[in-house]
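Asks: Got a structure for you, questions after.
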Amino acid sequence: MERNLQSGERLRPVDLARGHGLSTQAVRNYEEAGILPAAGRTPHGYRTYTPLHAVALGAFLALVPGHGHRTATSIMRAVNEGTVDEALRLIDAGHAQLLDDRRTLQAVENALRDLEPVTTSEPATDSGFGPDSNSGTRTGTRSFSGSTFIGPLAERLGIRPATLRKWERAGLVTPRRDPQTGYRVYDEADVRDARLAHQLRRGGYLLEQIAPLVAQVRAAGGLEPLEAALSDWRGRLSARGRAMLTGAAELEAYLRLRAVAA
């Protein structure tokens, strides 16, 4: 690659594009975005590229799977502007985020291992606070054997009752209504679903991602679908880590070639 660069080899936009399965317009867009160094021009104004541009394009495309399009663009732009330290900072931030995601996954897995059957029966009280109120305390709530109300459940999970109502609208929990009071009543399956939703939210899952998973757990009557989701999550983190290694190797090749060209 260094020999070709020194020999003054020139590549047309179509040559660069074909090598990576792209359109020539995509190559031009990448140049305009700062992902590629500025192209040379023929006397007639046509763009010309070099092996340096090919390696830059390869580095960018290798960075995308691990860091995402936006961050990969920022990394390449920083390198091309001569601020390599900024590019390295962005890469470090990506690795730090991956480590944090791994820790979150571990925390979710630990929490799920700690999931135990919950006794939802609580003594009834009569203090004037309704079970469906925004109070997150047990004081003033009513419940009966095998079920619980929104206040005690929210307190147990460390969330607000409004969050449980939001989860209900998203289909994550399906409490029934007491026919006499209209209060939401959460049975043991509802408590399980709420606890699973809570752990997955902590793991970064969106409500629309959690809903079908909880539906599967509800239909299966167990945690097997959740275990599969966590396994998939772990696999995605591993794939991201390996993609970061590939991207780093391609970027290092680009940095070496830039040094030769300087």
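Read-outs throughout are calculated quantities, based only on the coordinates presented, and are distinct from any laboratory measurement. Just so we're clear, the structure is a prediction, and the values are computed from it rather than from any experiment. Cβ sites come from the backbone with ideal geometry, for glycine too, and all protein chains shown count toward neighbours.
Asks: With 10 angstrom as the radius, rank Ile150, Ile75 by how many other C-beta atoms surround their C-beta, starting from the fewest.
Replies: Fewest-to-most ranking of Ile150, Ile75: Ile75, Ile150.
Asks: With labels modelled as points extended 7 Å from the Cα through the Cβ direction, what inter-label distance (nm, one decimal) is found for His69 paired with Leu237?
Replies: Roughly 2.7 nm, to one decimal.
Asks: Right, something else. Residue by residue through the range 182-194, what is 3J(HN,Hα) from phi via Karplus (6.51 cos²θ - 1.76 cosθ + 1.60, θ = phi - 60°)? Round to whole Hz and write x for glycine and proline.
Replies: x, 5, 6, 10, 9, 8, 4, 5, 5, 4, 4, 4, 5
Asks: Right, next: Among the chymotrypsin sites (Phe, Trp or Tyr not before Pro) in the range 1-86, which ones are in a DSSP loop with at most 12 other Cβ atoms within 10 Å of the Cβ? Mind listing them?
Replies: Taking the range 1-86 and a limit of 12 other Cβ atoms within 10 Å, the loop chymotrypsin sites (Phe, Trp or Tyr not before Pro) found are Tyr46.
Asks: Which cross-chain or sequence-distant (5 or more) residues have an amide H under 5 Å from the amide H of Thr48, H modelled 1.01 Å from N in plane?
Replies: Result for Thr48 returns Gly40, Arg41, Thr42.
Asks: In nm, give the distance between the simple-model label positions of Arg103 and Thr42, each being 7 Å from the Cα along the Cα-to-Cβ direction.
Replies: 5.5 nm
Asks: How far apart, in nm, are two points set 7 Å out from the Cα along the Cα-to-Cβ line at Ala219 and at Gln180?
Replies: Here the answer is 3.7 nm between the modelled labels.
Asks: HN-Hα J couplings of the range 251-260 from phi, Karplus 6.51/-1.76/1.60, θ = phi - 60°, integer Hz, Gly and Pro as x?
Replies: So the Karplus estimates, Gly and Pro as x, are 5, 4, 4, 5, 5, 5, 5, 4, 5, 5 Hz.
Asks: Next question, about the same structure. Could you run the Karplus curve 6.51 cos²θ - 1.76 cosθ + 1.60 with θ = phi - 60° over the range 64-80 and give me ³J(HN,Hα) per residue in whole Hz, x for Gly and Pro?
Replies: Each residue's phi maps through the Karplus curve to give 4, x, x, 10, x, 4, 5, 5, 4, 4, 5, 5, 5, 4, 5, 4, 5 Hz.
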